[in-house]
Amino acid sequence: MGMISGIFTTLFGSGRNLVVETTEAFRQNAEARGVRDAAHRASVVQQYAAEVATARPGLFDRAIDGLNRLPRPLMAFGTLFLIGTAMIDPVWFASRMQGLALVPEPLWWLMGAIVSFYFGARMQSHGQAFRRSIAETMAQVPQVSDNLRRLEALRQPEIRRPAPARPLDAPIESANGEPNAALEDWRRTQP
């Protein structure tokens, strides 16, 4: 047995395995692959850790980060609030919407641009002309104030007076205003 290993050592050198080396030419060594994969994962995790490792932000940075997180929830909850108030108090909701009717169209475009850029969308404003001017908006003021007066009138409870009592022996009229003969006959037969 020692003689055969000596022959192989002489032919192939010490520490070499002919079978393993021949097999690795056709198939990857699973143990070596595991070592390489573990080293790769460790380097990736180390790189990510270096990228996100920052000093703890100060009070100002944390406050600004908190403020930056507010607009989306405020707009979502504000919209839900408006929908709820439209169902609960339509007069209050309609009067607020009348106030929005006085906002000039250029301001709506500006607000749309700000909101769309805030959410990362692109505003396709090329070639958009502002058609309504402040004068056109101010021309709507009488109509809006008239609408507000009407809405406030809806809020006032209407005082209903009871209909005057009809004497029991008064003739009963039909829908067209003529006396109802069948009801008069029935009334005469009652004690």
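Results, tabulated for the structure shown:
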| read-out | value |
| --- | --- |
| Residues satisfying the stated conditions in the stretch 19-38, i.e. closer than 30 Å to SER5 by Cα, part of a helix (DSSP H, G or I) and of a type in the set (A, V, I, L, M) | VAL19, VAL20, ALA30, ALA32, VAL35 |
| Selection count where residues are over 14 Å from PHE93 (Cβ atoms), open to solvent by 100 Å² or more (accessible area, probe 1.4 Å) and either touching a His at 6+ places or on another chain (Cβ under 7 Å) or modelled with pLDDT under 85 (or both), scope the stretch 142-157 | 2 |
| Filter result for ARG41 (assigned to a helix (DSSP H, G or I), open to solvent by 100 Å² or more (accessible area, probe 1.4 Å), of a type in the set (D, E, K, R) and closer than 30 Å to VAL141 by Cα) | no |
| Only listed residue being surrounded by fewer than 10 Cβ atoms within 10 Å (Cβ to Cβ), closer than 30 Å to MET111 by Cα and not charged (D, E, K, R), chosen from LEU70, LEU82 | LEU70 |
| Evaluation of MET87 against (1) at pLDDT below 85; (2) in a helix (DSSP H, G or I); (3) exposed (fewer than 10 other Cβ atoms within 10 Å of the Cβ); (4) of a type outside the set (Asp, Glu) (one fails), failing number | (1) |
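For every residue, the table says whether it meets (1) of a type in the set (D, E, K, R); (2) under 33 Å from the mean Cα position of the chain (by Cα); (3) at pLDDT 80 or above; (4) not in a helix (DSSP H, G or I).
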{"site": "GLY112", "(1), (2), (3), (4)": "no, yes, yes, no"}
{"site": "SER116", "(1), (2), (3), (4)": "no, yes, no, no"}
{"site": "PHE130", "(1), (2), (3), (4)": "no, yes, no, yes"}
{"site": "ILE159", "(1), (2), (3), (4)": "no, no, no, yes"}
{"site": "PRO162", "(1), (2), (3), (4)": "no, no, no, yes"}
{"site": "ALA175", "(1), (2), (3), (4)": "no, no, no, yes"}
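The values are calculated or read from the model by the stated rules, or taken from the named source; none is laboratory data. Bear in mind that the values here come from a model prediction, so they are computed numbers and not experimental data. Note: ideal-geometry Cβ built from the backbone for every residue, glycine included; neighbour counts use all protein chains shown. Accessible surface is based on the protein model in full, side chains and every heavy atom, while ligands, DNA and RNA are left aside. Shrake-Rupley method; radii C 1.70, N 1.55, O 1.52, S 1.80 Å.
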